[in-house]
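Here is the structure we will look at, set down as structure tokens.
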Amino acid sequence: MRTTEPASEGPTGADTGGAPSVTATGGSGRARRVLAYVLGRLMTAVVSLFAVIVAGFFLFRILPGDPVRAMTEGREVTAEQREELRRQFGLDQPLWRQFLDYAEGLLRLDLGVSFQYRESVVDLILERLGPTILLAGTGTVIAALLGLFLGSRAGWKPGGRGDRVNTAIALFFWSVPTFWLGLLLIVLLASGRGFMPGLFPTGGMVDPGLTGSLERALSTARHMVLPVITMVAVIYAQYLMIMRSSLMDEKGADYLTTARAKGLRDVLVRRRHAVPNALLPTVTLIFLNLGQVVSGVILVETVFSWPGLGQLFYSGLGVPDLGLVQGLFVVFAASVILMNLLADLVYPLLDPRVRP
């Protein structure tokens, strides 16, 4: 005798409720993995920033020189007045107490007071942040575009004459010290000595005495030429080499063979298919360089007297202005850590293979 299977009631019973349960479980599991990934990256960034703050605080405390003595040099100041200055800036306290006061200020986004400028470090940074972003941003964009263009052409035909020439030039400039290249450009193109006229200013950001907006903008652009050339020449090789290596890895992929089988020209295969996939590692490099370039403009700004954070940091080291250099050190480190965090969060969105 045949019996009725209990599963016949499935479409209106257990089966109907079972499928959404599996889907919901999978969705919640993925959400937990994403949340764990994001929290892990955030925790790593916080720990890194804390380590930088601790290391930076005690590192600058061992710099040679007396800040109070440097501030009062050339003035008739008594020993009592020097001690009063030490008390005002908290330099009479033990190191552990100075660190706790500094950490408490950081929680309020207070970076302290500059010894030499007698102003808030935050205000000084905000005043100089614009010129640094303008210089670093312009140099990064031009270097990325130039490196990606030359790297895509070099990687598509590795070993060719164009590849050898581009790679040799890029590696040469990459190995050249930044300050040396900047000084060389000043001698050749700005000093007016020898057979080359002084085509560009030797330093500064705007010619004095200009009042019109257009005049000041054109003067700023003229002052930016040599610093930007220096930055681009030094950093574009990174983008070129990463793009070249990524494109060489993509050349043997099956989807490129399929694209060629469809009759697409070689230049279209490279532009439409190979380059977009090879860009993924370069995106991470761009994010990382955005943070590093802000701190890497110290030498460029110093050589060309560019009124940004780099020159401010250099002037603070000579005192030493502990509040100023500590604050700038934290800002530089935080920019690198932040961009590294953004790269970790954005890359899985671009490449499904590394998604949590």
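The values are calculated or read from the model by the stated rules, or taken from the named source; none is laboratory data. Since the structure is predicted, the reported quantities are computational estimates derived from the model, not experimental observations. FYI the Cβ positions are ideal-geometry reconstructions off the backbone, even for glycines, and counts take in every protein chain you see. Only protein heavy atoms, including side chains, enter the accessible area calculation; ligands, DNA and RNA are left aside. Shrake-Rupley method; radii C 1.70, N 1.55, O 1.52, S 1.80 Å.
Annotations for the structure displayed:
- Segment 212-263 shape via C-alpha gyration tensor axes, a/c threshold 1.5: oblate
- Carbon plus sulfur fraction of accessible area for segment 141-246, probe 1.4 Å, in percent: 70 percent
- Note, ³J(HN,Hα) from phi for segment 105-119, Karplus 6.51, -1.76, 1.60, rounded to Hz, x at Gly and Pro: x, 4, 5, 9, 6, 10, 8, x, 10, 6, 5, 7, 8, 6, 10
- The Ala261 and Phe50 beta-carbon pair, evaluated with R₀ = 45 Å, returns a calculated FRET efficiency of approximately 0.25.
- For Val113, the residues whose amide H sits under 5 Å from its own are Val121, ignoring neighbours fewer than 5 places away on the same chain, with H placed 1.01 Å from N.
- Under Karplus coefficients 6.51, -1.76 and 1.60, residue-wise ³J(HN,Hα) of segment 305-320 in Hz, glycine/proline x: 6, 7, x, x, 5, x, 5, 4, 5, 5, 5, x, 5, x, 7, x
- The residues of segment 132-253 have, on average, 52 Å² of accessible surface per residue, using a 1.4 Å probe with all protein chains present.
- Taking every Cα-Cα distance in segment 130-183 and sorting them into 10 Å bins starting at zero, the pair-distance distribution P(r) comes out as 21, 42, 29, 8, 0 percent.
- Fully extending the segment from Ile133 to Ser213 would add 26.9 nm, taking 0.36 nm per residue of separation and subtracting the current Cα-Cα distance.
- The label-point distance for Arg97 and Asp249, in a model that sets each label 7 Å from Cα toward Cβ, rounds to 5.5 nm.
- Using the Cβ-Cβ distance between Met43 and Val283 with R0 = 25 Å, the FRET efficiency computed as 1/(1 + (r/R0)^6) comes to roughly 0.60.
- A simple rule links phi to the HN-Hα coupling: the Karplus curve 6.51 cos²θ - 1.76 cosθ + 1.60 with θ = phi - 60°, which for segment 325-340 gives 5, 5, x, 5, 4, 5, 5, 4, 5, 5, 5, 5, 5, 5, 5, 5 Hz, with x for Gly and Pro.
- Label zone at Lys157 (point 7 Å along Cα-to-Cβ), backbone N below 15 Å, segment 236-266: 266
- Full-stretch length increase - Arg30, Val187 - with 0.36 nm per residue and alpha-carbon distance subtracted: 50.6 nm
- Assigned charges on the beta-carbon of Lys, Arg, Asp, Glu; segment 110-173 dipole about Cα centre (debye): 640 debye
- About its Cα centre, segment 106-262 has a charge dipole of approximately 660 debye under the convention of +1 per Lys or Arg Cβ and -1 per Asp or Glu Cβ, with nothing else charged.
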